[in-house]
Amino acid sequence: LREACVQHRVGLQAVGTRAHRAHYVAEPPWILERRHPCLTHLRLGLPGKLQQKADVRISIGLTGSVARDPAIEDLLKLVGQRHAIRQQVEHRFKMWHLDKVFPTLSDLARASQRMQFNALKYQIEQMRLHPSIVGYIITEFTDVHWESNGLLDMCRNPKAYYDVIHEINGADVILPQWERVTFGEGEKCTVPLLLSHFSDAHLRDCRLEWSLDRWHEIHGVLEHLNLERARLSEIGQVSFEVPPLEDSVRVRLEFRLFNAIGEVITTNHHELYFFPRWVGQAVPARISAPPELADDLRALGYDVVEQLAEAELAIVEEMTDDLRMYVQNGGRVLWLAESTDSRQTYLGNLEIVEREGHRWEGDWASNMNWIRHDHLFGSIPTGGTVDFAFVDLTPEHVITGFSPRDFASSVHAGLFVGWLHHVVALIAEEPLGNGLLLVSTFRLREHLKTHLLARIMLRDMVAHLATTKTS
């Protein structure tokens, strides 16, 4: 999610990578002036001597992300059916079987608005970390025909996050610093906190209280805080152990800052995902894999055999003629198709296409990635969205060649652009002869050892191949 521009790699947004943000605020070479004999103080574009500007203060002129409108009927009354971008959106929702992911189009819109808020929250929190950024403008107040990045929808209705946006857009903002949001049962979760303080409130001897919304017994307080005005201050860190779980859950870590006389100064929250131990455990199946991948699978507890003939299924990074024959003769293959040249055999219309430079890139028109929970991934409680839980895993490639009919049962994750255009698969299965091929473009391979969600997704796909009957 932090790897690209608005609504790009994961379907919700950030200003960019943390490295990009650090480069931006560190007065890079493009923050320069052109000195010209006839004209002065012109930015780049005219010949002349480059000079570093002094005492640079940065203001972000446009920030925001996109969400769809839930009030589709009201919207159509307002703008009519003639606007091609939204025209027949309900038809496309049903045609591509997106009701398998979101029960109704309004549910999809609400999920999109949640993604929009999470993106905006991340953007603002990251900008507030840098005193050299002295202002920003949220684009925009209401949606318009082709841009749905407003704080209100086009009919001036509040969006899903209307009641909480003040938490991140006030004079004082609590800033949780995080590297991941997925944690396993019994794992220690630590979240450092900072405060961006620009109000007139006197914050001497104040305190911060925190708690988990699902476990009120897990809570704490950071006391005797002295926080300076007009600067970034360290509050401390929240730390606790993930409690025992039967099922995966999405939780809110909630923060409340009080002054010395007990008045609430500001609040914020941070979403986390907790998973029970069993969801990432290896599936009992004999697996064939190339050498380097085989070592990683063994380290995760999988039974890896030397010969393909001895295996119940294969996990591969390249699809070859031999593997195609293996599937056609009744074999099962999980193909981690994470590069453009990973297809090295004929598979009909099925192609692996890089997102960058194509319509699925997500820059500038936003895309939204989604994942189904009915047949696979039922233990990933993201409500059908590919959100911050998938940081580092979001695909750089898509799978083309699947028709709308295939999306009814054969496609398990995908994306669309704008108002449900250019729908394409990210995880899909394809019967070949007497066997079954399951393809994933999520970037699981390099993160199997370090990313809990990568192990969970692998486990689910292996279990699916091991148990699904083929003709």
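The values are calculated or read from the model by the stated rules, or taken from the named source; none is laboratory data. The structure presented is a predicted model; accordingly, all values stated were derived computationally and were not measured. Backbone-built Cβ (ideal geometry, glycine too); neighbour counts: all protein chains shown. Heavy atoms of the whole protein, side chains included, go into the accessibility calculation; ligands, DNA and RNA do not. Shrake-Rupley method; radii C 1.70, N 1.55, O 1.52, S 1.80 Å.
The set of residues in region 397-408 that are open to solvent by 40 Å² or more (accessible area, probe 1.4 Å) and either under 30 Å from Gly184 (Cα atoms) or among the charged types (D, E, K, R) (or both) comprises Arg405, Asp406. The residues on offer are Ile315, Ile352, and the sole one that is touching a His at 6+ places or on another chain (Cβ under 8 Å) and of a type outside the set (Gly, Ala, Ser) is Ile352.
Taking region 271-286 as the range and being under 20 Å from Thr450 (Cβ atoms), open to solvent by 80 Å² or more (accessible area, probe 1.4 Å) and not in a loop (DSSP other than H, G, I, E, B) as the test, the residues that pass are Arg277, Trp278. Those residues that are of a type in the set (A, V, I, L, M), free of Cβ contacts under 8 Å to residues at least 60 places away in the same chain and open to solvent by 20 Å² or more (accessible area, probe 1.4 Å), I need them from region 231-263; list them, please. Ala260, Ile261 - these are the residues of region 231-263 that are of a type in the set (A, V, I, L, M), free of Cβ contacts under 8 Å to residues at least 60 places away in the same chain and open to solvent by 20 Å² or more (accessible area, probe 1.4 Å).
Regarding Gln126, is this residue at pLDDT 70 or above and closer than 20 Å to Ser148 by Cβ? Spell out the reasoning first.
Details: at pLDDT 70 or above: yes; closer than 20 Å to Ser148 by Cβ: no.
Judged against the criteria, Gln126 is not a match.
Of the residues that sit in region 266-288 and are among the charged types (D, E, K, R) and closer than 16 Å to Phe183 by Cβ, which one is modelled with the highest pLDDT? That would be Glu271.
Selection of strands (runs of 3 or more DSSP E) fully inside region 116-210 by the criterion of at least 2 residues being within 21 Å of the chain's Cα centre (by Cα) returns 172-176, 182-184, 188-197.
Among the residues of region 193-229, those that are in contact (Cβ under 8 Å) with a residue 60 or more places away in the chain and either more than 27 Å from Phe275 (Cβ to Cβ) or among the β-branched types (Val, Ile, Thr) (or both) comprise Leu194, Leu195, Ser196, Ser199, Ala201, Leu203. Checking each residue in region 154-178 for being open to solvent by 70 Å² or more (accessible area, probe 1.4 Å) and among the charged types (D, E, K, R) picks out Arg156, Asp163.
Looking across region 215-229 at every residue that is among the aliphatic types (A, V, I, L, M) and either open to solvent by 100 Å² or more (accessible area, probe 1.4 Å) or in a loop (DSSP other than H, G, I, E, B) (or both), the one that is nearest to Val264 (Cα to Cα) is identified as Leu227.
How many residues does region 114-148 contain that are of a type outside the set (A, V, I, L, M), under 26 Å from Glu179 (Cβ atoms) and open to solvent by less than 50 Å² (accessible area, probe 1.4 Å)?
Step one: filter region 114-148 for residues of a type outside the set (A, V, I, L, M), giving 114, 116-118, 121-123, 125-126, 128, 130-132, 135-136, 139-143, 145-148.
Pick out the ones that are also under 26 Å from Glu179 (Cβ atoms) and you get 114, 116-118, 121-123, 125-126, 128, 130-132, 136.
Adding the requirement that they be open to solvent by less than 50 Å² (accessible area, probe 1.4 Å) leaves 114, 116-118, 121-123, 125-126, 128, 130, 132.
Of the residues in region 114-148, 12 are of a type outside the set (A, V, I, L, M), under 26 Å from Glu179 (Cβ atoms) and open to solvent by less than 50 Å² (accessible area, probe 1.4 Å).
If we keep just the residues of region 410-442 that are modelled with pLDDT under 95 and in a loop (DSSP other than H, G, I, E, B), which is surrounded by the most Cβ atoms within 10 Å (Cβ to Cβ)? Here the residue is Leu420. Residues in region 185-201 that are surrounded by fewer than 18 Cβ atoms within 10 Å (Cβ to Cβ) and in contact with a strand residue (DSSP E or B) (Cβ under 6 Å, 6 or more places away or on another chain): Lys188, Thr190, Pro192, Ser199, Ala201. Tallying residues that are part of a loop (DSSP other than H, G, I, E, B) and either open to solvent by less than 50 Å² (accessible area, probe 1.4 Å) or among the basic types (Lys, Arg) (or both) within region 316-374 yields 17. Candidates in region 287-315 are the residues that are surrounded by 15 or more Cβ atoms within 10 Å (Cβ to Cβ) and charged (D, E, K, R); of these, the one that is nearest to Thr450 (Cα to Cα) is Asp296.
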